[in-house]
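**Q** Input: one structure, supplied below.
The values are calculated or read from the model by the stated rules, or taken from the named source; none is laboratory data. In this text the structure is predicted, and so the values were computed from the model without any measurement. Neighbour counts are summed over all protein chains in view; Cβ atoms, including those assigned to glycine, are modelled from backbone coordinates with ideal geometry.
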Amino acid sequence: MISGIILVLLVTLPLYARGYTPILLTSIYMYIILSVSWAMFSGPTGYMSLATAAFFGVGIYTAAFLGNLVPLPIFMIAGGFFSAIVALLVGALTLRLRGIYFAIFTFGLVMLIPNLLIFWELHFTGTRGRFVVIYDYNTIYYAMLAIFVVMMVTVYFLRRSKWGLALQSIGENEEAAAHVGINTTMVKVLNYGLSAFFIGAAGAAIATRWTYVDPYIAFDAEISFLPVLMAIFGGMGQLYGPVIGAIIFTYLQEVLITRFSELYMLIFGIILVVAILYMPNGLIGVIQKLWARGFRRQHADA
């Protein structure tokens, strides 16, 4: 009931909220999608993926290539599809690696793809970057909202399925999961592709806010790290943890850039370090700990 009311409010928001609010909420949706998609794979499995910027950039370049040829929903789906294909190929090659090796390889992908694109553009097309078809802010808002809703429904049912249980068992003890008959490699690869689909679709949708993109804009390495920090800050134990982390950090980022642009990265870095040191289970973990402490005190008084 509450979820339905919130959804109705979000759908009708552009009708009564003007100016900067829909633009800010579009950015919040984007980071929620990136954070939850990252947590969808890395949370239960324990594999640290830093390829978010690669999948996001594939979606952006899909919009640049197809934006003038097909409608927005089609190239959004295409962006998600191509990102999922890249993730499946990368996952099939690398998800037998563990620990730091997998993280290094996935981040190397963020470095490799833009440089390949620059080489291809300069030597074969004689260009540097691409122009992107532009849509109005309300259209982009609804596109990101649609991706957000589909993703949250998918993650909700995934966590309560046998597939989600298999992912959780991989994170707890992968050898034991393999011994009981789970095809751990297949489960990891398919889930990696599913998470990349939403990242690529979000990249294709958000690209229509820009007039021009090039490989360094599309494959910004910062996009690989911010969703990780947002998910960790919010807490990955619950579905809404990365959502809360993304909302807080996106709004904080907007405020710091606007009011303290020269100190933005310094303040942002300090907040992140403090959060990681003193909030190991994220904001949700802190709230749960305070709630449990208050409940025990109330029970003791009774």
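**Q** All but one of (1) of a type outside the set (Ser, Thr, Tyr); (2) under 26 Å from Thr139 (Cβ atoms); (3) out of contact with any helix residue (DSSP H, G or I) (no Cβ under 6 Å at 6 or more places or on another chain) hold for Leu252; state the number of the condition that does not hold.
**A** Evaluating Leu252 over (1) of a type outside the set (Ser, Thr, Tyr); (2) under 26 Å from Thr139 (Cβ atoms); (3) out of contact with any helix residue (DSSP H, G or I) (no Cβ under 6 Å at 6 or more places or on another chain) leaves (2) as the failure.
**Q** Search segment 180-189 for residues being of a type in the set (A, V, I, L, M, F, W, C) and modelled with pLDDT under 85, and hand back the single one that is surrounded by the most Cβ atoms within 10 Å (Cβ to Cβ). Walk me through it before giving the result.
**A** To start, the set of residues in segment 180-189 that are of a type in the set (A, V, I, L, M, F, W, C) comprises 180, 182, 186-187, 189.
Still in the running and modelled with pLDDT under 85: 180, 182.
Numbers: Val180: 9, Ile182: 18.
Among them, the one singled out is Ile182.
**Q** Please name all residue pairs, on different chains or six or more residues apart, with Cβ atoms under 7 Å, provided the first residue is in segment 47-58 and is surrounded by fewer than 24 Cβ atoms within 10 Å (Cβ to Cβ) and the second residue is among the polar types (S, T, N, Q) and modelled with pLDDT under 90.
**A** Sorted first by the residue in segment 47-58, then by its partner, the pairs are Met48/Ser42; Leu50/Thr106; Leu50/Ser224.
**Q** Quick one: is Pro215 touching a helix residue (DSSP H, G or I) at 6+ places or on another chain (Cβ under 7 Å), buried (at least 23 other Cβ atoms within 10 Å of the Cβ) and either under 30 Å from Leu122 (Cα atoms) or not polar (S, T, N, Q) (or both)? Can you show your working first?
**A** Values: touching a helix residue (DSSP H, G or I) at 6+ places or on another chain (Cβ under 7 Å): yes; buried (at least 23 other Cβ atoms within 10 Å of the Cβ): no; either under 30 Å from Leu122 (Cα atoms) or not polar (S, T, N, Q) (or both): yes.
No: the conditions fail for Pro215.
**Q** Pick from segment 101-140 the residues that are exposed (fewer than 15 other Cβ atoms within 10 Å of the Cβ) and among the β-branched types (Val, Ile, Thr): which of them is farthest from Trp210 (Cα to Cα)?
**A** Looking at residues that are exposed (fewer than 15 other Cβ atoms within 10 Å of the Cβ) and among the β-branched types (Val, Ile, Thr), I get Ile104.
**Q** Still on this model: Just give me the residues in segment 146-174 being in a helix (DSSP H, G or I) and basic (Lys, Arg), in sequence order.
**A** The initial filter retains those residues of segment 146-174 that are in a helix (DSSP H, G or I), namely 146-159, 162-172, 174.
Within segment 146-174, Arg159, Lys162 qualify.
**Q** If a residue must be crowded, with 22+ Cβ neighbours inside 10 Å and either of a type outside the set (Val, Ile, Thr) or touching a strand residue (DSSP E or B) at 6+ places or on another chain (Cβ under 7 Å) (or both), how many such residues does segment 218-235 contain?
**A** Looking only at that region, the number is 10.
**Q** Among the candidates Ala177, Ala143, which residue alone is modelled with pLDDT under 85, aliphatic (A, V, I, L, M) and part of a helix (DSSP H, G or I)? Break it down stepwise before answering.
**A** Values: Ala143 fails: modelled with pLDDT under 85.
None of the other options fit; the residue is Ala177.
**Q** Considering only residues of segment 86-126 that are assigned to a helix (DSSP H, G or I) and among the small types (Gly, Ala, Ser), which is nearest to the chain's Cα centre (by Cα)? Please lay out each step first, then the result.
**A** So the first thing to find is which residues in segment 86-126 are assigned to a helix (DSSP H, G or I), and the list is 86-94, 100-125.
Filter once more, keeping what is among the small types (Gly, Ala, Ser): 87, 91-92, 103, 108.
On the way: Ala87: 14, Gly91: 17, Ala92: 21, Ala103: 16, Gly108: 18 Å.
Applying the filter and picking the extreme gives Ala87.
**Q** Just checking, does segment 2-14 include any residue being farther than 25 Å from Trp163 by Cβ, modelled with pLDDT under 90, part of a loop (DSSP other than H, G, I, E, B) and out of contact with any helix residue (DSSP H, G or I) (no Cβ under 8 Å at 6 or more places or on another chain)?
**A** no
**Q** Next question. Go through (1) more than 15 Å from Leu34 (Cα to Cα); (2) of a type outside the set (D, E, K, R); (3) at pLDDT below 85 for Tyr240 and report which single condition fails.
**A** Here Tyr240 meets the rest and fails (1).
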